[in-house]
1. Scan PHE163, PHE186 and give me the residue that is within 16 Å of the ligand (Cβ to nearest atom), farther than 30 Å from PRO46 by Cβ, of a type outside the set (A, V, I, L, M) and touching a helix residue (DSSP H, G or I) at 6+ places or on another chain (Cβ under 9 Å).
2. Inside region 1-45, counting only helices (runs of 4 or more DSSP H) that do not spill past its ends, which hold 1 or more residues that are exposed (fewer than 14 other Cβ atoms within 10 Å of the Cβ) and hydroxyl-bearing (Ser, Thr, Tyr)?
3. In region 379-397, how many are surrounded by 15 or more Cβ atoms within 10 Å (Cβ to Cβ) and either at pLDDT below 95 or over 27 Å from ARG419 (Cβ atoms) (or both)?
4. Can you find even one residue in region 112-126 that is outside any helix (DSSP H, G or I), surrounded by 15 or more Cβ atoms within 10 Å (Cβ to Cβ) and in contact (Cβ under 8 Å) with a residue 24 or more places away in the chain?
5. Name the single residue, out of those in region 54-96 being in a loop (DSSP other than H, G, I, E, B) and over 23 Å from the mean Cα position of the chain (by Cα), that is surrounded by the fewest Cβ atoms within 10 Å (Cβ to Cβ).
6. So, in region 307-320, exactly how many residues are open to solvent by less than 10 Å² (accessible area, probe 1.4 Å) and over 20 Å from GLY357 (Cβ atoms)?
7. Here is a check on your reading of the model: is ALA310 in contact with a Leu (Cβ under 9 Å, 6 or more places away or on another chain) and assigned to a strand (DSSP E or B)?
8. Quick one: which helices (runs of 4 or more DSSP H) sit completely within region 138-254 and have at least 1 residues that are open to solvent by less than 20 Å² (accessible area, probe 1.4 Å) and of a type in the set (Ser, Thr, Tyr)?
Amino acid sequence: MNTQPPTQCSAWQALAKLAKEQQSLRIADLFARDAERGSRFFADAPGVRYDFSHHRLDRIVIRVLLELARERGFDDWRAAFLRGDPVNSTEKRAAEHVAQRAGDSASASVKATLERMRALADRVRGDGRIRRIVHLGTGGSSLGPELVVDALGVRDTAIEFRFAANVDPLDLERALAGAEADSTLFIVVSKTFTTEETLANARAAKRWLGTRDPARHFIAITGNAAAANAFGATDVLPIPDTVGGRYSIWSAAGFGALCAIGADVFDELLAGAREVDQHFAHAEAARNVPVLMALIGVWNVNFLGMSAHAVLPYAHALKLLPSYLQQLEMESNGKRVDREGRPIDYATAPVLFGEEGTVGQHSFYQLLHQGTQAVAADFIIAANMPGDYERRELLLAYAEAQADALAFGTTDPGLEPHRACPGNRPSSTLTLERIDARNLGRLLALYEHKVFTQGVLWNINSFDQWGVELGKQLARRILSRRKS
Ligand code: F6P
């Protein structure tokens, strides 16, 4: 397995040379050279079209990027990852989120957990007692379920769903507003069952319940059943050790989402992701959407110097996607040492941020168009959307207009400087058929595999997150000092 620094690859050096030679190349020139570019620079994954025509690259750059993947030993790494080899080297374990959504070919234990999730969800609905479900968890134990529920909606409106992720008491207080203790169920999701914020919220929830039996009001989803039992939860669903928090929506960590959207819709989510897993595993690199997303990201970050990446879903249903991807990309690939523990002297994950369109246009797009930071962007749109024609058309027209404005800028040479937009700012557009469970599953899996591929290209372990530990340790020390 190749664990050499990528900078030693001849393709890396060739890309650096190309970037230098093409310094003055403009996206507008690329379109002028090739009138068909708009209809040629795309690749299809199941249900999703990836348009990369608005990037600052030509066929030669793509060819050398593909060569970089080859030199990095991408095929071997992908095979090792999908086979369940311990690719998470610092924690000596596999990364098995794909195995959670393998459907008929899933392991017996994955199938058994899904069965238990379904049965427990039926029981929660069936006894008619529960009117409010409050999901307690943070990071990967909250962002995925909240995104899925927000994007797809709650099926049975007899039960209200709320999320509390912040230890700020206001979060839980708001999640409990209007709730009655007898009809409230808490789903506590914590892989470790040691995350202080989640446990503090769970203890506060217990106090709020008074003398009621916690076994009737808590369901725990965790890899640490003993701690959950000690807390008082008897219904416990497992999160396998090999499933990282930010990759856990497909596992029992998605239980709250399953309760909200229904088991059949949850199945669709898994099925969509599974289709993209097949695409990732088998499509040739030049047509493989997550591989292309990763390679083009590396081109932007390492060769065009873009240190930020905006995720811009033009769909209100996907408004939480930027927060979800912030964790997925930055916690996975925000790394400064490589797989061998050597300090890295090239850029890794860019700062990821975003906002739903059109809302973001009236906020930070000014910087995207005229700021001094170079930011690449992903526009995400749905070809078919519910709602009236006028507003749907406006939404889609704005997405297209923004991608063009970023790429081509203003063209009138007579404009005063403060009105001129330089353009030449790259973006991709991902088009889903519509926003439903299957397509959401596909979209999330695309980004997961993009992140994995970039980890291979940058020679880093995408599956650990040691950088978050120091803050936790210091907080513990500060807390005990404040108490004494
Ligand atoms: O602190 C970071 C982190 O470990 C994330 O990776 C994880 O998703 C989150 O905390 C929550 O962890 P847990 O599920 O163990 O409570």
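1. PHE186
2. Those helices (runs of 4 or more DSSP H) span 10-21, 37-40.
3. Of the residues in that region, 4 qualify.
4. no
5. Result: LYS92.
6. 0
7. When the stated conditions are applied, ALA310 passes them.
8. 196-209
The values are calculated or read from the model by the stated rules, or taken from the named source; none is laboratory data. Source: prediction; values computed, not measured. Note: ideal-geometry Cβ built from the backbone for every residue, glycine included; neighbour counts use all protein chains shown. Note: areas computed on protein heavy atoms with side chains; ligands, DNA, RNA excluded. Shrake-Rupley method; radii C 1.70, N 1.55, O 1.52, S 1.80 Å.
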